[in-house]
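Just so you know, all these numbers are worked out from the coordinates, no wet-lab data involved. Just so you know, these numbers come straight off a predicted model, no measurement behind them. Ideal geometry is used to build each Cβ from the backbone, glycine not excepted, and the neighbour counts take in all protein chains shown.
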Amino acid sequence: MKFLILILTISLSSFANYLDKNLVKKNWNGIEVIWLLDNSFPTYDISIMFDRGAYDDPKGKEAVSTLALNLLTLGTNRYDQEKILDTIDFYGASTGAYTTHEYSTYNVSGLVKDLLPTMKMVCHMFSDATYPKREFNKAISRLKSAQRNIINNHGALASMISRVITLRKTGYDRPVEGTIKSLSRISPRDLEKRLAQYNNSTKKRIYIRGPKELSALESIIKNDCNWSNIDIESSSYPEVVDAKNPNAGGVFLVPVKGANQAQIRIGYHMNKAQAQSHYTLTSFASQLMGGGFTSRLMQVLRVKNGLTYSVSSYASGQGNYGRKGINTFTKNETIVEMLKMIKDTVASNATDLKQKHFESAKIFAKGNYLYGLESTSQFLSTMQYYDIVGRPYSDIYKFPKEVDKLTKKETQAQIQELFGDKDNITVIVGNASLEKELQAAGIKVKVINAKDYL
Amino acid sequence: MKNGILFLTFLLVSCSTSKTSNMSSSDGLINFDVEEKTLKNGLKVYVVENDKLPIFSYYTYYKVGGKHERKGITGASHFLEHMMFKGAKKYGVNEFDENVEGNGGNNNAYTTNDLTVYYEKMPSEHLDLMIDIEADRMANLLLEPKAFDSERQVVLEERKMRYENSDRGKIYLKMMTSMFEGTPYGTSVIGDIEDLETVSRDQIFKFFKKYYAPNNAFIFIVGDVDADHVFDEVEDKFGDLPATKNLEESKEKVLNEKGFDFKGKYGGREIKLHGTSKDPNFMLAFKGIKTGPIEAYTLDILSSILGDGQSSFLNKEYVLSRNSRAANIYAANYTLMESGVFFIGGQLLPKKGISSTKNKLYNSIKRICRKEIDQRSLEKVKNQYLVNFFDGLDTNNGIASFLGNRQAYYGDYAFYNKEMEIYNSITLEQVKAVCEKYLTRENSIFLSIWEKHPKQRGSK
């Protein structure tokens with residue numbers, strides 16, 4: 001085992017040297033640019049990060065922030081939707097936005113030889129998008145259709161409802177993608193206003209992976225996008241400190257027709273302190289419980305008892321809050337057994353974690369960390385995440401050493417805090433008959449309607 | 001051809017002076033420095049050295065999949081895939097995962113109609129251990145009874161998750177079994193429920209003994225390893241394993257019992273499935289062809305022109321147009337080793353008719369192929385393929401699967417350069433010709449799934 005630790009340390013040092021040589025930082029009009037020089041392929045990835053997100057969505061108009069970016073291709077004063085899409089596709093490029101409550105990114109990938117026409121079109125959309133009424137209405141119809149039909153994807157439905165319920169009273173519970181009602185209230189004018197904010201009053205940072213030929217991007221950002229960070233203040237959103245969730249500790253059943261399997265989500269929110277302190281310990285405890293085939297939950301629920309095909313646990317932080325939880329499913333007949341087994345597995349590992357499992361999980365966590373650095377585009381995403389949560393890049397190399405320092409005692413305590421928390425909320429999506437079964441087992445369950453969350 | 005020329009002249013510059021340059025440029029094309037060895041028992045081993053990080057990826061391809069199963073043991077390949085992680089003679093029950101994850105690695109596997117593939121990532125110092133574990137489970141799988149019964153439940157739950165509780169899974173499964181009805185591809189890879197509930201350990205064991213042999217497998221190892229050392233270790237651990245005698249003849253026999261000629265009912269047959277979707281999902285499937293012939297590549301390009309990307313013809317007409325009727329639409333050409341299927345799928349918007357959509361699709365395809373596909377749409381797809389070509393090649397896993405898949409399907413891991421040459425050589429006339437030939441009502445089945453379709457399975 002000591003040998004592996006040494007190997008990981010050495011490799012991360014050499015990787016640090018690689019980064020010293022290939023990581024370039026630039027300043028374009030006050031915009032910080034983080035560029036990972038990569039000559040391996042004739043392709044590039046560009047990610048423009050805006051430090052504002054869906055938290056800003058007007059009440060009742062959830063989805064404005066994501067739609068302002070994702071519907072840029074609907075049309076501009078100069079080009080119609082068909083021309084825009086044809087241009088982007090012709091160059092083999094892909095574009096798209098990703099929005100969270102706290103930030104938004106616009107991502108572009110393509111061939112280096114076609115950087116100029118692709119990015120000029122992207123900048124043109126940002127400068128001149130009009131969200132034409134006809135195309136806008138059609139896009140909204142499609143989004144509503146997708147929302148209405150999510151009821152058919154029980155796993156996605158369970159995750160969506162669990163997110164809303166577990167984040168109540170934090171300020172971060174409104175869905176980024178909106179609801180059928182909120183989508184109905186949004187107008188093209190709302191998107192134009194939001195886009196203007198992204199362009200003119202939102203701080204940006206640009207992440208690039210690709211060869212040095214991409215330096216032509218600087219002039220496009222300055223002259224075509226007209227972006228600058230000069231005179232734009234950094235902004236921040238409220239920290240989650242102590243939000244008491246009215247649903248804490250509850251069990252919710254979402255009946256769906258014809259389900260012969262119950263989707264289970266158990267979790268709760270974390271406040272900023274919980275989400276950002278003890279990053280290594282939180283990440284490790286989560287992996288130990290539900291991060292691989294030898295994780296404690298996988299061993300008990302799938303390997304030993306055949307109750308499920310999949311189980312995973314997570315604990316992840318954003319800038320001002322975090323979420324923790326366990327995701328799994330089982331057949332209707334074993335729902336009660338499954339819930340009890342999850343509870344017992346968490347309890348036993350929170351009090352009596354076996355040394356063998358503890359040591360083995362450490363090695364697994366360090367190995368997997370290394371694989372996460374293998375791809376340059378994935379590495380760039382890691383750096384982006386570190387910027388979001390305000391951690392220095394140098395911490396990237398510290399993870400293996402920090403894992404080594406963790407004690408069994410603190411790991412057990414963390415397992416309890418994350419997954420044994422009495423406030424954790426259980427959401428079950430499945431057959432309506434589960435209500436009786438759960439009640440009969442003494443589990444007080446509240447039945448909720450999926451439609452209220454669509 | 002502008003894009004083809006640019007592809008040939010792009011120089012790949014290595015970012016390191018070490019063996020990280022497992023890829024090199026030759027006339028602008030990618031070349032992987034692959035070293036290979038074939039053991040006397042038929043096992044082939046391929047190695048690409050890459051010392052970027054002290055890790056490696058280990059892929060084992062078994063040339064067995066759903067097509068080798070018969071009624072009664074449908075799902076055997078996939079069930080066996082699960083059982084391969086449940087213990088062998090030297091590395092016993094649960095010791096596979098303990099040894100891989102407990103040494104900083106991870107692993108998984110997948111099964112298709114043609115293949116079963118296992119893959120692991122490990123720190124380099126555990127190369128010998130990984131070879132030993134893989135040899136142990138190829139030679140001496142336990143199929144321990146308790147684990148067998150427990151895993152049966154896991155597979156049944158997986159089936160529910162992927163198919164029975166998913167309208168998209170359900171319609172895809174029905175499309176595949178209907179299109180390939182009466183052929184070895186006409187069963188579900190995950191297995192029929194009744195077979196999964198009744199298949200015995202002995203049946204799976206026989207299946208294992210026959211197909212999990214060195215002459216039915218090949219290995220790709222990519223990473224910070226020494227090829228000569230790999231070959232020595234593989235020889236040491238796998239060299240004495242016996243080959244299955246007359247395997248190729250036996251496999252041919254199984255496949256020839258039914259043959260791969262299409263035997264289903266086509267001619268625009270309509271199948272309606274009861275589901276839970278508020279708006280109907282649909283699939284229009286056509287008889288396709290197997291991997292290899294130039295028409296298969298041409299159908300790939302046709303599928304992209306028709307339904308890949310927002311500016312594709314079908315997306316413009318069905319999703320973006322003034323008279324849009326779908327929330328989404330796509331096209332795909334799925335080539336298997338012995339046959340293929342071309343399909344168009346999507347989800348309708350509320351109050352849009354299913355039958356009228358079916359008829360409109362036939363007309364649209366005819367019109368698009370005869371009048372609308374042009375040189376620009378062909379160039380666009382070739383550009384998209386060029387970008388996709390490099391996807392994932394910055395990881396050991398990506399390289400191993402990229403090369404391994406070509407070895408499996410073309411018998412030549414280096415086929416990738418030829419592949420791009422073929423795509424670049426395809427003309428507009430060829431695309432139009434395959435469209436006329438393959439995308440006809442006579443060759444097709446139309447399926448839909450919706451909450452308002454009656455519960456009994458019906459077709460008309």
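So here's what we get for this one:
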item: Selection count where residues are in contact with a helix residue (DSSP H, G or I) (Cβ under 8 Å, 6 or more places away or on another chain) and either outside any strand (DSSP E or B) or small (Gly, Ala, Ser) (or both), scope region B:322-335; result: 7
item: Any helices (runs of 4 or more DSSP H) falling wholly within region B:364-460 and containing at least 2 residues that are within 20 Å of the chain's Cα centre (by Cα) and under 30 Å from B:ASN107 (Cβ atoms); result: B:375-389, B:396-410, B:415-425
item: Verdict on B:ASN281 being in contact with a strand residue (DSSP E or B) (Cβ under 7 Å, 6 or more places away or on another chain) and under 18 Å from B:SER448 (Cα atoms); result: yes
item: Test: residue in region B:211-230 that is charged (D, E, K, R), surrounded by 19 or more Cβ atoms within 10 Å (Cβ to Cβ), out of contact with any Phe, Trp or Tyr (no Cβ under 7 Å at 6 or more places or on another chain) and touching a residue at least 24 places away in the same chain (Cβ under 8 Å); result: no
item: Neighbours by Cβ (under 7 Å, 6+ apart or cross-chain): first from region A:82-93, at the interface with chain B (Cβ under 8 Å from one of its Cβ atoms) and farther than 17 Å from A:TYR131 by Cα; second outside any helix (DSSP H, G or I) and aliphatic (A, V, I, L, M); result: A:TYR91/A:LEU111; A:GLY92/A:LEU111; A:ALA93/A:VAL108
item: Those strands (runs of 3 or more DSSP E) lying entirely in region B:21-129 with at least 1 residues within 13 Å of another protein chain (Cβ to nearest Cβ); result: B:23-26, B:29-32, B:55-62, B:106-111, B:116-123
item: Number of the exception - A:ALA432 against (1) in contact (Cβ under 8 Å) with a residue 40 or more places away in the chain; (2) more than 30 Å from A:LYS257 (Cβ to Cβ); (3) within 14 Å of chain B (Cβ to nearest Cβ); (4) among the small types (Gly, Ala, Ser); result: (2)
item: Selection from region A:348-407 of residues that are assigned to a loop (DSSP other than H, G, I, E, B) and within 14 Å of chain B (Cβ to nearest Cβ); result: A:LYS354, A:GLY372, A:LEU373, A:GLU374, A:SER375
item: Verdict on B:ILE171 being among the hydrophobic types (A, V, I, L, M, F, W, C), surrounded by fewer than 20 Cβ atoms within 10 Å (Cβ to Cβ) and within 14 Å of chain A (Cβ to nearest Cβ); result: no
item: Flag if B:GLN384 is surrounded by 15 or more Cβ atoms within 10 Å (Cβ to Cβ) and under 30 Å from B:ARG269 (Cβ atoms); result: no
item: Residue within region A:98-106 that is part of a helix (DSSP H, G or I) and without any contact (Cβ under 8 Å) to a residue 40 or more places away in the chain present; result: no
item: Filter result for the condition that a residue is away from every other protein chain (no Cβ under 14 Å) and out of contact with any Pro (no Cβ under 7 Å at 6 or more places or on another chain), over B:ILE305, B:ILE289; result: B:ILE289
item: Condition check for B:SER188: more than 30 Å from B:LYS40 (Cα to Cα), buried (at least 21 other Cβ atoms within 10 Å of the Cβ) and among the polar types (S, T, N, Q); result: yes
item: Count - residues of region B:37-56 that are within 21 Å of B:GLY239 (Cα to Cα) and in contact with a Lys or Arg (Cβ under 6 Å, 6 or more places away or on another chain); result: 2
item: Selection status of A:ALA248, touching an Asp or Glu at 6+ places or on another chain (Cβ under 8 Å) and touching a residue at least 12 places away in the same chain (Cβ under 8 Å); result: yes
item: Those helices (runs of 4 or more DSSP H) lying entirely in region A:108-177 with at least 2 residues polar (S, T, N, Q), without any contact (Cβ under 8 Å) to a residue 40 or more places away in the chain and surrounded by fewer than 17 Cβ atoms within 10 Å (Cβ to Cβ); result: A:133-149
item: Any hit, region A:260-273, residues being among the aliphatic types (A, V, I, L, M), over 17 Å from the mean Cα position of the chain (by Cα), within 14 Å of another protein chain (Cβ to nearest Cβ) and more than 29 Å from A:LYS408 (Cα to Cα); result: yes
item: Members of region A:278-295 found to be away from chain B (no Cβ under 14 Å) and either part of a helix (DSSP H, G or I) or in contact with a strand residue (DSSP E or B) (Cβ under 6 Å, 6 or more places away or on another chain) (or both), listed by number; result: A:TYR279, A:THR280, A:LEU281, A:THR282, A:SER283, A:ALA285, A:SER286
item: Set A:ASN327, A:ASN305: member being crowded, with 18+ Cβ neighbours inside 10 Å, within 24 Å of B:ILE190 (Cα to Cα) and touching a residue at least 12 places away in the same chain (Cβ under 8 Å); result: A:ASN327
item: Any hit, region A:309-325, residues being part of a loop (DSSP other than H, G, I, E, B) and within 11 Å of another protein chain (Cβ to nearest Cβ); result: yes
